[in-house]
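Here it is: the structure, laid out below.
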Amino acid sequence: MKIKVLLITLMMALINQCAMASRLPDDFWAYIQKIYPNSTQRFDSVVVLADGTMYVPLYPAQTTEETGIKLEYTYPLNRAPQTKPEVMIFNNNFVLLKLIKDKSGNYSITKNENLPLKVKLGVMPQDMLVPVGLQVPDSLKLILGNLIIPEKNDNLIIAATDTKIGAAKDEKGKIIPLAELRNKKTLISNDMSKFVLVYDGEKKNSLYEVKLSGLPSKILASNKSKLALVMYFGSKTVEIVDLTNERTVSQINLDNTPKDADLDTVNNIAYVASANASTIYMIDLNTAKLTKAVKLEQSPEKIAVSDDGKAIAFVDRNTQKLYSLKEQNDAYTAKYMADSKNLSRILYKKGKIYTVSRTENKLSVYDEEENILTNEIKLNEKPTDAVFFRDKIYILCSKDSIINVYDTVSGQIIENIVLDNVGFYSKITMIPNQPNALITGIQTKKFLLLNLEKMMITKKQNADVNVSNIIVVDAAKPEAAKEDKNVGTKNVDL
């Protein structure tokens, strides 16, 4: 009996060690991507499908060398992978367990306790970000390894509130936010507090607050991995926050205080510029880890990543010169583009670098390859922000409360969208998978909804909150658990 217990203990120790790798084998991951196109592997090797469905891998004590990965077993029985079964066992001994989310936002795994031994002897990734209150059947508790299931009081949520967004109320007294945000998750910070207001249209208690580690200077979010990079005033440390579970995933210490950041949406890499450190840092928002630090002769301040993720544009704080940065033969070369002055925004698309000067009130266009200025356009006063939508740039001119719409094809301003004159609007935030953007300002206490296709403001809504940072990502949709009594095994070929 003692020998059996010792063997089981040694086996579990071995599995735990394997599970710390937090990266699925390349051949297995390639197979998963084949059956689930556009899926991603999170930093802790949790698999996220294109529709947000999540699968937790169970690492086996010993993998088998197989010439081809195959699905051997599913629960419910004999299901194709496309039906997203609760349990899948593969011929390399790996297991995928579906994370089931109910309408209240609570997570669980399969309730079936009559599963093959491969499931019961597998173990979850030991650096996994475990959902709060995850429900695991007693017979499967062994798969947790050394993981601890956090309780609701262990996450970032510290207070609930019903009095922040909007002026319109329904009969129950609940505040009605913009309909365009009801299937989104929206985080709003102001310039005075560590507390961030969260609106999650998929939750029963949809409006609440979370507490960050400090006063955020910038928040950059990935709609793919639902991870956010948070920069703090006066801090050398940036944090990666999981927006689904509202918990800090990692803290990354930089050499000095970061100044700006931009997201490579192709590779899901955040580029963080620190002028004091003369360095641009690359942080992977799939793995929540720092992957590279590029030391420069310049002091990068404003930064922009190209739409293909292969180049960067930045401004040197000390000289106000504009540079492009590309990797060639494992080395990065900064190329001087032009002198600039008080840039509020840089955009980089299809080989063209677009700069917006808030004091000279102009948009400048540079051909990066040819290294020449191709166009200059006069803007309204005090342009503070700009976004790309298709082949047009929407430039927010705060002092005049006007959005100049620049057509990159004709090289002309084709529309001027007039805002109201209440406050100083200074930020445009795109809403994912919609032709809409939010116009906000620190002291406006109002949201304006901009329809980018119609080039007009379609909604205005009051808000009792000063907006400094606002980010919007698609909310994870709840999925009701469906139990199937069929249990069995069968090889499933694709």
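Cβ-Cβ distance below 7 Å, separation of 6 or more or different chains: which pairs start in region 136-159 with a residue that is hydroxyl-bearing (S, T, Y) and surrounded by fewer than 17 Cβ atoms within 10 Å (Cβ to Cβ) and end on one that is part of a loop (DSSP other than H, G, I, E, B) and at pLDDT 60 or above?
S139/E113
Which of (1) outside any strand (DSSP E or B); (2) closer than 25 Å to D367 by Cβ; (3) modelled with pLDDT under 95 is the odd one out, the single condition Y332 does not satisfy?
Here Y332 meets the rest and fails (1).
Moving on. For region 362-433, please list each of the strands (runs of 3 or more DSSP E) lying entirely inside it that holds at least 1 residues being open to solvent by 40 Å² or more (accessible area, probe 1.4 Å).
Of the strands (runs of 3 or more DSSP E) lying wholly inside region 362-433, those with at least 1 residues that are open to solvent by 40 Å² or more (accessible area, probe 1.4 Å) span 362-367, 372-378, 383-389, 392-397, 412-418, 427-430.
Please specify each residue of region 90-106 satisfying the condition of being closer than 20 Å to P150 by Cα and at pLDDT 90 or above.
Residues satisfying the conditions are L97, K98, L99, I100.
So that you can scan it fast, the table gives a plain yes or no per residue for (1) open to solvent by 20 Å² or more (accessible area, probe 1.4 Å); (2) in contact (Cβ under 8 Å) with a residue 12 or more places away in the chain; (3) among the aromatic types (F, W, Y):
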position	(1), (2), (3)
N78	yes, yes, no
T83	yes, no, no
N93	yes, yes, no
S108	no, yes, no
L117	yes, no, no
M124	no, yes, no
P131	no, yes, no
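A further question follows. Quick check on my filter: what residues within region 258-272 are touching a Ser or Thr at 6+ places or on another chain (Cβ under 8 Å), open to solvent by less than 40 Å² (accessible area, probe 1.4 Å) and over 26 Å from M128 (Cβ atoms)?
P258
Still on this model: For K352, indicate whether it is without any contact (Cβ under 8 Å) to a residue 60 or more places away in the chain, over 17 Å from F314 (Cα atoms) and among the charged types (D, E, K, R).
Here the answer is no, as K352 does not meet what is asked.
Just to be sure before I move on: is Q298 in contact with a strand residue (DSSP E or B) (Cβ under 9 Å, 6 or more places away or on another chain), free of Cβ contacts under 8 Å to residues at least 40 places away in the same chain and not charged (D, E, K, R) in the structure I sent?
Yes, satisfied.
Give the residue, chosen from K482, K460, that is modelled with pLDDT under 95 and in a strand (DSSP E or B).
The match here is K460.
Looking at (1) of a type in the set (S, T, Y); (2) in contact with an Asp or Glu (Cβ under 7 Å, 6 or more places away or on another chain); (3) surrounded by fewer than 21 Cβ atoms within 10 Å (Cβ to Cβ), find the lone condition where Y232 falls short.
That leaves (2) as the condition not met.
Can you pull out the residues in region 304-322 that are of a type outside the set (D, E, K, R) and either assigned to a loop (DSSP other than H, G, I, E, B) or more than 30 Å from V46 (Cβ to Cβ) (or both)?
A304, S306, G309, A311, A313, F314, V315, N318, T319, Q320, L322
Run down Y31, Y55 and say which single residue is modelled with pLDDT of 90 or more and under 20 Å from L285 (Cα atoms).
Step by step, each of Y31, Y55 is checked, and only Y55 is modelled with pLDDT of 90 or more and under 20 Å from L285 (Cα atoms).
Does N462 count as farther than 19 Å from N404 by Cβ and either in contact (Cβ under 8 Å) with a residue 24 or more places away in the chain or touching a His at 6+ places or on another chain (Cβ under 8 Å) (or both)?
It is true that N462 is farther than 19 Å from N404 by Cβ and either in contact (Cβ under 8 Å) with a residue 24 or more places away in the chain or touching a His at 6+ places or on another chain (Cβ under 8 Å) (or both).
Going through region 212-226 one residue at a time, which ones are out of contact with any Pro (no Cβ under 9 Å at 6 or more places or on another chain) and either surrounded by fewer than 21 Cβ atoms within 10 Å (Cβ to Cβ) or closer than 30 Å to S39 by Cα (or both)?
Matches in region 212-226: L212, S213, G214, L215, I219, L220, A221, S222, K224, S225, K226.
Looking only at region 95-106, filter to residues that are in contact with a Leu (Cβ under 9 Å, 6 or more places away or on another chain) and farther than 15 Å from T244 by Cβ; which one of those is surrounded by the fewest Cβ atoms within 10 Å (Cβ to Cβ)?
L97
The conditions are (1) in contact with an Asp or Glu (Cβ under 9 Å, 6 or more places away or on another chain); (2) open to solvent by 50 Å² or more (accessible area, probe 1.4 Å), and Q328 fails exactly one of them. Which is it?
All conditions are met except number (1).
So which residues in region 445-455 are open to solvent by less than 10 Å² (accessible area, probe 1.4 Å) and part of a loop (DSSP other than H, G, I, E, B)?
L452, the sole residue that qualifies.
Here are some conditions: (1) modelled with pLDDT under 95; (2) surrounded by fewer than 19 Cβ atoms within 10 Å (Cβ to Cβ). A288 meets all but one. Which one does it not meet?
Tallying (1) modelled with pLDDT under 95; (2) surrounded by fewer than 19 Cβ atoms within 10 Å (Cβ to Cβ), A288 fails exactly one: (2).
Please specify each residue of region 39-69 satisfying the condition of being part of a strand (DSSP E or B) and either closer than 22 Å to L115 by Cβ or of a type in the set (S, T, Y) (or both).
T40, V47, M54, Y55, V56, P57, L58, Y59 - these are the residues of region 39-69 that are part of a strand (DSSP E or B) and either closer than 22 Å to L115 by Cβ or of a type in the set (S, T, Y) (or both).
Would you please list the contacts, defined by Cβ atoms under 7 Å and residues six or more apart or on different chains, that run from a residue in region 26-52 that is open to solvent by less than 20 Å² (accessible area, probe 1.4 Å) to a residue that is among the acidic types (D, E) and part of a loop (DSSP other than H, G, I, E, B)?
Here the result reads D44/D127, each pair linking region 26-52 to a residue that is among the acidic types (D, E) and part of a loop (DSSP other than H, G, I, E, B).
Looking for something farther than 30 Å from D44 by Cα and either modelled with pLDDT under 50 or touching a helix residue (DSSP H, G or I) at 6+ places or on another chain (Cβ under 6 Å) (or both) - is there at least one such residue anywhere in region 175-182?
yes
The values are calculated or read from the model by the stated rules, or taken from the named source; none is laboratory data. Predicted model, so just to flag it, every value in this text is computed and none were measured. Note: ideal-geometry Cβ built from the backbone for every residue, glycine included; neighbour counts use all protein chains shown. We work out accessible area using only protein heavy atoms, side chains counted, and drop any ligands, DNA or RNA first. Shrake-Rupley method; radii C 1.70, N 1.55, O 1.52, S 1.80 Å.
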